[in-house]
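The values are calculated or read from the model by the stated rules, or taken from the named source; none is laboratory data. Only a predicted model underlies this, so the values are computations on that prediction, with no experimental measurement involved. Every residue, glycine among them, receives a Cβ derived from its backbone with ideal geometry; neighbour counts consider all protein chains shown. Accessible surface areas use protein heavy atoms only, side chains included; no ligands, DNA or RNA. Shrake-Rupley method; radii C 1.70, N 1.55, O 1.52, S 1.80 Å.
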Amino acid sequence: AQSVTQLDSQVPVFEEAPVELRCNYSSSVSVYLFWYVQYPNQGLQLLLKYLSGSTLVKGINGFEAEFNKSQTSFHLRKPSVHISDTAEYFCAVSDRGYGGSQGNLIFGKGTKLSVKP
Amino acid sequence: DVKVTQSSRYLVKRTGEKVFLECVQDMDHENMFWYRQDPGLGLRLIYFSYDVKMKEKGDIPEGYSVSREKKERFSLILESASTNQTSMYLCASSRYRDITEAFFGQGTRLTVV
């Protein structure tokens, strides 16, 4: 079974500063990895995903993430944040449905990013 | 455009009532999911379905049931609502069993009084 750990529940940062939101996962099989964003009273929107290939993945709104297999991490980064990036961010992992079995999608507990002027 | 629609944004129900939360997707996706979201706990999987009339328990199925009579519709049922089921409920769908992306509805905030 997989699990996802988001290491910070809250991250305060000033506008235009860089930010990193940390995510570690555990799984006995290869996985797909995702970052979703949730604005207040909204559903989840996909920011980016890693399926295969290049370990550096670029997403919407200037975010990027790097898949590190040896450290089982998938940290999210942005070089310069805006007030509008204030939201909750969720890391998720899917076990790909190996052997014809049903894939599963497991989420971390979320990180609240608060961007201050 | 991909669309997952939850029938209500906000619901207030009384303890003991039978509650139906409806979710419809228009993308012919095989998989549909119901999650519950609570502060500090993230999203927890209640049930998922990978085909019509098929369902699998997630991590927290107690007190819930589901129905999938048609491919596009997945219903979450609270047989007898309790105050500890007050929460945000999120529906999602994905195209194949191999989940390369999931699409979410706007969520239903349920309050049980």
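Placing +1 at every Lys and Arg Cβ and -1 at every Asp and Glu Cβ, with all other atoms neutral, what dipole size does the protein assembly as shown have around its Cα centre, in debye to the nearest 20? Please report the intermediate quantities before stating the final value.
Numbers: 27 positive and 25 negative charges, 67 e Å.
Dipole size: approximately 320 debye.
What's the Cα-based Rg to Rh of region B:54-110, Rh via Kirkwood?
On the way: Rg = 12.5 Å, Rh = 13.0 Å.
Value, to two decimals: 0.96.
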Calculated diffusion of region A:19-78, Stokes-Einstein form, Kirkwood radius summed over Cα pairs, 25 °C and 0.890 mPa s, µm²/s: 203 µm²/s
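Need one number: convex hull volume per residue for chain B, Cα atoms only, in Å³. If you can, show how the numbers build up before the last one.
On the way: hull volume 10.8 nm³, N = 113.
Measuring per residue, one finds 95 Å³ for the Cα hull of chain B.
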Simple spin-label estimate for residue B:28 and residue B:106 in nanometres, 7 Å along Cα-Cβ: 2.7 nm
Residue mean of other protein chain beta carbons inside 10 Å, A:34-40: 2
Heavy-atom accessible surface that A and B bury in contact, both chains counted, 1.4 Å, Å² to 100: 2000 Å²
Segments B:10-20, B:34-44 sorted - mean Cβ within 10 Å per residue, highest first: B:34-44, B:10-20
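Return the percentage of antiparallel bridges among DSSP beta bridges fully within the protein assembly as shown, rounded to the nearest 5 %. Don't skip to the answer; put the middle values down first.
Working: 70 of 79 bridges.
Within the protein assembly as shown, antiparallel bridges account for around 90 percent of the total.
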Two-decimal log10 I(q)/I(0) for the protein assembly as shown, as the Debye equation yields it once each C-alpha is a single scatterer, q = 0.16 Å⁻¹: -1.12
The protein assembly as shown - accessible surface per residue (Å², probe 1.4 Å): 48 Å²
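With the Cα gyration tensor of chain A in hand, convert its eigenvalues to equivalent ellipsoid semi-axes via √(5λ) and list them largest first in whole Å.
Numbers: eigenvalues 129, 40, 29 Å².
Gyration-tensor ellipsoid for chain A: 25, 14, 12 Å.
Among the listed pairs A:112/B:18; A:49/B:55; A:69/B:53; A:112/B:70; B:13/B:57, give every one whose C-alpha distance is greater than 28 Å. Mind dumping the intermediate values first?
Values: A:112/B:18 34 Å; A:49/B:55 26 Å; A:69/B:53 37 Å; A:112/B:70 37 Å; B:13/B:57 24 Å.
A:112/B:18; A:69/B:53; A:112/B:70, as the Cα separations exceed 28 Å there.
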